[in-house]
Amino acid sequence: MPRFACPRCQRTVEVPANCQAGQKADCPHCHGQVVIPSTSTLYWVCVWLAAPLLFALLGLLQGSLQSAVAGAMAGLVLTAVVAGIVKGVNVLWDMLFRLAGWTEPK
Ligand SMILES: [Zn+2]
């Protein structure tokens, strides 16, 4: 379920997963209309850095800079693979829906 901060009252707003960025939603706190933002760039930067940093830290804990670097590379590749799979499944799912002629409820 996507979450974001309401631009009017700064409180957390949750929207159903099928809500797209750019659509409007009602803030349950201040009852204002808010436009659902796309997932922030910062979020993706964190996701992309989390695994390499974790693996690098594990390498450092083993006391070797070489394994830390190797760990960081492995983490980066792992993140790319996972992101690729998730993206691929999304696209495939979308295609299946379109082929079957199902349209999303408005
Ligand atoms: Zn609000």
### Message
Here are the criteria: (1) within 16 Å of the ligand (Cβ to nearest atom); (2) among the hydroxyl-bearing types (Ser, Thr, Tyr); (3) exposed (fewer than 12 other Cβ atoms within 10 Å of the Cβ). Tell me which single one Thr12 does not satisfy.
### Response
(3)
## Note on the structure
Pairs returned, first residue in region 3-24 that is more than 7 Å from Ile36 (Cβ to Cβ), second residue that is modelled with pLDDT of 80 or more and part of a loop (DSSP other than H, G, I, E, B), beta-carbon separation under 6 angstrom, 6 or more apart or interchain, are Cys6/Cys27; Arg8/Cys30; Arg8/Gly32; Cys9/His29; Cys9/Cys30; Arg11/His29; Val13/Cys6; Val13/Cys27
### Query
Taking region 15-31 as the region of interest, how many residues are within 15 Å of the ligand (Cβ to nearest atom) and under 18 Å from the mean Cα position of the chain (by Cα)?
1
### Message
Please go through (1) loosely packed, with under 11 Cβ neighbours inside 10 Å; (2) part of a loop (DSSP other than H, G, I, E, B) for Asp94 and return the number of the only condition it doesn't satisfy.
### Response
(2)
### Message
Looking at (1) surrounded by 10 or more Cβ atoms within 10 Å (Cβ to Cβ); (2) farther than 23 Å from Cys6 by Cα; (3) at pLDDT 85 or above, which one does Gln66 not meet, given that it meets all the others?
### Response
(1)
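Do we find that Val47 is away from the ligand (no atom under 16 Å from the Cβ) and at pLDDT below 85 in this structure?
On the way: away from the ligand (no atom under 16 Å from the Cβ): yes; at pLDDT below 85: yes.
Taking the combined requirement at face value, the residue satisfies it.
Does Val34 qualify as being away from the ligand (no atom under 16 Å from the Cβ) and either β-branched (Val, Ile, Thr) or in contact (Cβ under 8 Å) with a residue 40 or more places away in the chain (or both)?
Against the criterion (away from the ligand (no atom under 16 Å from the Cβ) and either β-branched (Val, Ile, Thr) or in contact (Cβ under 8 Å) with a residue 40 or more places away in the chain (or both)), Val34 does not qualify.
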### Message
Based on this model, can you work out whether Phe4 counts as outside any helix (DSSP H, G or I) and either in contact with an Asp or Glu (Cβ under 6 Å, 6 or more places away or on another chain) or of a type in the set (Phe, Trp, Tyr) (or both)?
### Response
yes
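The values are calculated or read from the model by the stated rules, or taken from the named source; none is laboratory data. As the structure is a computational prediction, the values presented were derived from the model and not from experiment. Glycine also receives a Cβ, built like all others from the backbone with ideal geometry; neighbour counts cover every protein chain displayed.
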